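Inspection log for the structure reproduced underneath, given as structure tokens.
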Amino acid sequence: MSAAPHSAPIHTDALVIGAGPVGLFQAFQLGLQGIHCHIVDALPHVGGQCVELYADKPIYDIPGIQVCTGRELVARLEQQIAPFQPTCHLSQRIEQVQTSPEGWHVRSDQGTEWLAQTLFIAAGVGAFVPRSLSIEGLTPHLHQQVWFGSQSLPAFAGQHLLIAGDSDAALQICLDAMDTAASVTLMHRRDKFDAEPDRLAAFEAARQAGRIRFVAGQATELRTQPAAQGERLAGLTYLDAEGQTHAQPFDHLIMALGVSPKLGPIAEWGLAIERKQLVVNTETFATSAPGVFAVGDINTYPGKKKLILCGFHEATLAAFGAVAHLRPNDKTLLQYTTTSAVLHKRLGVA
Ligand SMILES: Cc1cc2nc3c(=O)[nH]c(=O)nc-3n(C[C@H](O)[C@H](O)[C@H](O)COP(=O)(O)OP(=O)(O)OC[C@H]3O[C@@H](n4cnc5c(N)ncnc54)[C@H](O)[C@@H]3O)c2cc1C
């Protein structure tokens, strides 16, 4: 379902920005209406908040499902949309949206471009981007000596690693690297971790055996050394709880500090916005721009509730709105999935 970054504009009837639960269900409702869509997300996986913030926690208020975890709900949504084969573009953040007589020109930070007839902004609380240590000078070393734990990491055989974080992901990176790296050090403000019991036990055992080192402290500054081309990172300094400064050398720094949402450029797309949310009409969830709909946590209207169920309703009406926009001469018929031969054919169950 995932597509590689693309340079020539991709022509599409519908582009969904955000692959959270509501963006995924939008693809389903568009599919029922016979509209194929492309979906884009800044994260390397679908699922939005459900997967990123509470993957293993229970949800009790999805109609017809007594309880499921965030991850399970997303897996079910993926199954449900599979018949419509939406094209998914992951790890791409939408930066630019511009109108033109031919449609909406949309561009991602990876340079992929779309020419879309309708847009569905399902951007939730914004694009999830990895958190960084708050020290200066990291950016020029990204993908050379500084990495985010959420990306696919190179093999670090024979290298000295410093991992920043306290989560499952941070501990797992330490455990994965300890067999091949020259040394593995985990750094966090305090000697307490927010991780699953099994992973924590494996980490503590490796620590006891001296295979992983832990330092409690807060990074303050990068340390550099001259290299053949410019300069190279030699390590960083950190403050411990007593206010003492220490040096911590490394070859590579891996930041596994979780993600935070950034609304980013949505505010610059020329759409009516109130308190960082897109204003919609509740008939079709259309924004102030023709052919642009906003569904899920990103929108606002009187009585708005940020619930998945409400987002599903919004996506349903937005798909009807898209039919009216794309096929103005067609009647927007309500058909039941139980009995409609047309819908059965679209669902592949005819
Ligand atoms: C801890 C917690 C528990 C919750 N429990 C429940 C519950 O029990 N029941 C319930 O109904 N709701 C619950 N919610 C709320 C629910 O998760 C949200 O209402 C829901 O995720 C909104 O879905 P969405 O698709 O609109 O947005 P999101 O899930 O936020 O997904 C938006 C996606 O858009 C992407 N995106 C944003 N901007 C861009 C861009 N410019 N380019 C590319 N991608 C972009 C983001 O990376 C993200 O993946 C809970 C929320 C939290 C935090």
| Inter-probe distance in nm under a simple model that places probes 7 Å from Cα toward Cβ, at Asp179 and His313 | 5.2 nm
| Per residue accessible area of region 69-204, 1.4 Å probe, in Å² | 48 Å²
| query | Sorted by packing (mean other beta-carbon atoms within 10 Å per residue), highest first, where do 247-259, 299-311, 60-72 land? | reply | 247-259, 299-311, 60-72
| What order, most packed first, do the peptides 330-341, 88-99 have when packing is the mean number of other Cβ atoms within 10 Å of each residue? | 88-99, 330-341
| Can you tell me the accessible area per residue over region 303-350, all protein chains present, probe 1.4 angstrom, in square angstrom? | 65 Å²
| Where the accessible area of region 209-293 is counted over protein heavy atoms with a 1.4 Å probe, how much of it, in %, is carbon and sulfur? | 47 percent
| query | Which whole-Hz couplings ³J(HN,Hα) result when phi for each residue of region 106-114 is put into the Karplus expression 6.51 cos²θ - 1.76 cosθ + 1.60, θ = phi - 60°, listed in order with x for Gly and Pro? | reply | 10, 9, 9, 5, 8, x, 5, 10, 10
| task | Subtracting the Cα-Cα distance from 0.36 nm times the residue separation, let me have the gained length for Thr339 to Arg107 in nm, one decimal. | result | 79.5 nm
| said: Placing one identical point scatterer on every Cα of region 1-107 and ignoring solvent, what is log10 I(q)/I(0) from the Debye formula at q = 0.11, 0.20 Å⁻¹? | reply: -0.36, -1.05
| task | Enter the Cα centre distance for the pair region 198-213 and region 20-85, rounded to the nearest angstrom. | result | 36 Å
| query | Percent antiparallel among DSSP beta bridges with both residues in the chain, to the nearest 5? | reply | 45 percent
| field | Using θ = phi - 60° and Karplus 6.51 cos²θ - 1.76 cosθ + 1.60, couplings along region 252-257 (whole Hz; Gly, Pro as x) | value | 9, 10, 10, 9, 10, 10
| request: Tabulate in residue order the Karplus-calculated ³J(HN,Hα) for region 309-319, using 6.51 cos²θ - 1.76 cosθ + 1.60 with θ = phi - 60°, rounded to whole Hz; enter x for Gly and Pro. | output: 3, 5, x, 5, 4, 4, 5, 5, 5, 5, 5
| message | What aspartates and glutamates does Lys304 reach when the alpha-carbon gap must be under 15 Å and sequence neighbours fewer than 8 apart in one chain are set aside? | response | Glu274, Glu283, Glu314
| task | Would you work out what percent of the accessible area of region 124-193, with all protein chains in place, is carbon or sulfur (probe 1.4 Å)? | result | 50 percent
| note | Looking only at lysines whose Cα falls under 18 Å of Lys305's and that sit 8 or more positions away or on another chain, we get Lys276
| Can you list the lysines whose alpha carbon is less than 26 Å from that of Lys345, not counting same-chain residues fewer than 8 positions off? | Lys331
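Out of the total accessible area of region 28-72 (probe 1.4 Å, heavy atoms of protein only), what percent is carbon and sulfur?
In region 28-72, the share of accessible area belonging to carbon and sulfur is 53 percent.
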| request: Go through 285-298, 188-201, 108-121 and give me the packing order, highest mean Cβ count within 10 Å leading. | output: 285-298, 108-121, 188-201
| Computed label-point distance, nm, for sites Lys192 and Ala267 using a 7 Å Cα→Cβ extension | 3.4 nm
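The values are calculated or read from the model by the stated rules, or taken from the named source; none is laboratory data. Owing to the predicted nature of the structure, the values given are computational and were not obtained by experimental measurement. Methodologically, a virtual Cβ is constructed for each residue, glycine included, from the backbone with ideal geometry; neighbour enumeration extends over all protein chains shown. For the accessible areas, the whole protein counts, side chains as well, though only heavy atoms, and no ligand, DNA or RNA atoms are used. Shrake-Rupley method; radii C 1.70, N 1.55, O 1.52, S 1.80 Å.
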